[in-house]
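Q: Here it is: the structure, laid out below.
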Amino acid sequence: NGIHAADYSNVFSVHCLAGVSRAEEAFCASGIASVVKDSARGFLAGGVATVVGGSVSGFQSAGFINVTAGNVKGVQSAGFVNITGSGNGAQLGGFANVAMHAVDGAQVAGFLNSADTATVQVAGFVNVARNSNTQIAGFVNVADTVNGAQIAGFINVARRVKGTQIAGFINIADSSDRPIGLINIIGNGEQAVGVTINEIGTTMVAL
């Protein structure tokens, strides 16, 4: 489409290096990068990157990075990082997934997941969200509100947990239904006094 490529909508596009269009309706693949000004539906792929100025409905795949300004309804899969405004489906990133708003679905990354709201986050190192149903991380989970579970290899941090926190070392929250870890610091948690006496009469009082 020459110098007017950015004004055209295509049903089928294949580019040796890079492609630019206004919209893609079914299939678009580029050796290096696919750039769509408005929206893309169906299959969108780039050897290095895909960039969409509007929304994506379908499957967006890149060897390095996917960027969508609007909503992704379907799957984003990248060798390094996925970035989107919001999502309905799944983000699969070799290193990181970033959503500026809500992800109604799953974020799965080798290192980092970040979203305002996420249904499920699974990361090799850290998950960060304002609201989440489930966070599973190799090292740390951070959230404001969790309705479900936080599971981390080292530490979970939240303001309110309606569910379970499981950490290899420490759980921190203002309130948590079931914190399970070596150390649990819950601001509004249970406090109790205990008295134990053993067979030789040694007595201990504990708070």
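Q: Show Thr84, Thr196, Thr119 ordered by accessible area, largest first, where the area counts protein heavy atoms only and the probe is 1.4 Å. The partial results should precede the final answer.
A: Working: Thr84 0, Thr196 75, Thr119 40 Å².
Result of the area sort, largest leading: Thr196, Thr119, Thr84.
Q: Taking Kirkwood radius over Cα pairs in Å straight from the coordinates, which label in (i) 18.6; (ii) 17.3; (iii) 19.7 is the correct one?
A: Calculated Kirkwood radius over Cα pairs in Å: the matching label is (i).
Q: Just want to confirm a number: the relative contact order over segment 15-117, from Cα pairs under 8 angstrom separated by 6+ residues, in percent.
A: Values: 355 pairs, mean separation 15.1, N = 103.
Value for segment 15-117: 15 percent.
Q: Let me ask something additional. Quick one: how many Å² of Arg160 are accessible to a 1.4 Å probe, rounded to 10?
A: 90
Q: What does the accessible area of Ile32 come to, in Å² to the nearest 10, when a probe of 1.4 Å is used?
A: Accessible surface of Ile32 is approximately 80 Å².
Q: Taking 0.36 nm per residue of sequence separation and subtracting the Cα-Cα distance, how much length would be gained by fully extending the chain between Arg178 and Asp116, in nm to one decimal?
A: Numbers: separation 62, 0.36 × 62 = 22.32 nm, distance 2.39 nm.
Net length gain for the segment: 19.9 nm.
Q: Relative contact order of segment 71-207, please, whole-number percent, based on alpha carbon pairs below 8 angstrom and at least 6 residues apart.
A: Values: 440 pairs, mean separation 14.0, N = 137.
About 10 percent, as a whole number.
Q: For segment 125-200, what is the relative contact order in percent, using Cα pairs closer than 8 Å and at least 6 residues apart in sequence?
A: Working: 208 pairs, mean separation 13.9, N = 76.
Relative contact order, segment 125-200: 18 percent.
Q: Which percent, nearest 5, of DSSP beta bridges in the chain are antiparallel? It would help to have the intermediate numbers written out before the result.
A: Working: 4 of 115 bridges.
Expressed as a percentage, antiparallel bridges in the chain total about 5.
Q: For the pair Cys16 and Ser57, what calculated FRET efficiency results from E = 1/(1 + (r/R0)^6), where r is the Cβ-Cβ distance and R0 = 25 Å, to the nearest 0.05?
A: Working: r = 26 Å, r/R0 = 1.04.
After rounding, the FRET efficiency stands at 0.45.
Q: Taking the Cα atoms of segment 1-45, what is the range of coordinates along each of the three principal axes, in descending order and whole Å?
A: 22, 20, 14
Q: How high is the FRET efficiency between Ile200 and Phe154 when r is their beta carbon distance and R₀ equals 30 Å, given to the nearest 0.05?
A: 0.20
Q: Using a Gaussian network model of the chain with C-alpha springs under 10 Å, which one of Gly187, Gly46, Gly70 is most mobile by mean-square fluctuation?
A: Gly187
Q: From largest accessible area down, sort Asp38, Asp7; use a 1.4 Å probe on the protein chains. Mind showing how you got there, number by number?
A: Details: Asp38 65, Asp7 100 Å².
So, going from the largest accessible area down, we get Asp7, Asp38.
Q: Taking R0 as 35 Å, what's the FRET efficiency between Ala26 and Asn131 from their Cβ-Cβ distance, rounded to 0.05? Walk me through the intermediate numbers first.
A: On the way: r = 35 Å, r/R0 = 1.00.
Taking R0 as 35 Å, the efficiency between Ala26 and Asn131 is 0.50.
The values are calculated or read from the model by the stated rules, or taken from the named source; none is laboratory data. Owing to the predicted nature of the structure, the values given are computational and were not obtained by experimental measurement. Every residue, glycine as well, gets a Cβ built from its backbone with ideal geometry; the counts of neighbours run over all protein chains shown. In case anyone asks, the SASA skips ligands and DNA or RNA and just uses the protein heavy atoms, side chains included. Shrake-Rupley method; radii C 1.70, N 1.55, O 1.52, S 1.80 Å.
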